[in-house]
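Report on the structure given below.
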Amino acid sequence: MRIDVVTIFPEYLEPLNVSLVGKARARGQLDVHLHDLREWTTDIHRTVDDTPYGGGPGMVMKPEPWGAALDSVLAAGPEGEVPTLVVPTPSGVPFTQELAQELAGRPWLAFAPARYEGIDRRVIEEATTRMPVVEASIGDYVLAGGEVAVLVMVEAIARLLPGVLGNAESHRDDSFAPGAMADLLEGPVYTKPAEWRGRDVPEILLSGHHGKIAQWRREQAFARTLANRPDLVARWNRDAFTKKEREA
Ligand SMILES: NC(=S)c1ccno1
């Protein structure tokens, strides 16, 4: 997978050099290109923003640098291919495990994290005429810029790429993973020692009875989901529960 990120703070994306994503890059599973938006400014002050038409607080990111930057990204990418442009924004669709899974299946992603009050709308509109565009939100809150959201999205997507996680099974039981864990939160996990500060590991996990352990884990997942995400419960019904049982 190729990933391009256009940003006024390339240094904000340094974490893409370490840990899981860094290792995937080193193994050639990810090809990440960072671009400083100011490279496409034309004035001595390298201006990327201006006051909003219609008035109002804050500044808006100018269309010219973004347009030129996206032109360059497209030109530098694989011949005859276009990226999916991912725009992190609180006004986007929810960035879910399902969306991460879908984006992990695409060969080329370009991220456009905004600052200030956002990017001039014409940039997004023009982009949709030449590539798929996904405006997505990592949560119902506002950040100072989209770079943090890019880090979140890239990690969530990268870990789903084949071979990136050591154990291919690791994300099968993730919260929200497709199949039996859809709309479910992961239950509690334990490791050695069997007793720690007077707290024992649940006996069932030491039983070696895989069927009962799986059943206990499903029950724990349902209990945690009921407690922490009643909104997900609304998506269940008895058939779905049964279906989950069959799939698990
Ligand atoms: N919630 C998201 S994705 C965001 C981007 C910028 N500020 O908030």
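Assorted remarks:
- PHE9 versus GLU203: modelled label distance in nm, points set 7 Å from Cα along the beta carbon direction: 5.2 nm
- Alpha-carbon centroid distance for the pair the range 89-147 / the range 8-61, whole angstrom: 13 Å
- Calculated diffusion of the chain, Stokes-Einstein form, Kirkwood radius summed over Cα pairs, 37 °C and 0.692 mPa s, µm²/s: 159 µm²/s
- Backbone N within the range 179-204 under 17 Å of label point (7 Å from LYS212 Cα along the Cβ vector): 201-204
- Listed from fewest to most Cβ neighbours within 10 Å, the set THR7, THR191, THR41 follows the order THR191, THR41, THR7.
- Under a model in which nothing but the beta-carbon of Lys, Arg (+1) and Asp, Glu (-1) is charged, the chain shows a dipole of about 1040 debye around its Cα centre.
- Size descriptors for the range 118-192: radius of gyration and Dmax over Cα atoms are 16.9, 56 Å.
- Distance between the pseudo-spin-label points of ARG235 and ASN167 (7 Å out from Cα toward the beta carbon): 2.5 nm.
- GluC sites (Glu not before Pro) restricted to DSSP loop in the range 105-136 with at most 15 other C-beta within 10 Å: GLU117
- FRET efficiency for the ARG27 to TYR53 pair, using the beta carbon distance and R₀ = 45 Å, is estimated at 0.45.
- Estimated inter-spin distance, MET131 and LEU143, nm [label 7 Å along Cα→Cβ]: 1.9 nm
- Axis of helix 238-247 versus longest Cα principal axis of the chain: the two differ by about 90°, to the nearest ten degrees.
- Degrees, to the nearest 10: 63-76 long Cα axis against longest axis of the chain: 70 degrees
- Available extension along the chain between ASP43 and SER91 is 14.2 nm, counting 0.36 nm per residue and deducting the alpha carbon span.
Quick note: the coordinates plus some simple rules give every number you see, no bench work behind them. Bear in mind the structure is a predicted one, so any value in this text is a computation, not a measurement. Every residue, glycine among them, receives a Cβ derived from its backbone with ideal geometry; neighbour counts consider all protein chains shown.
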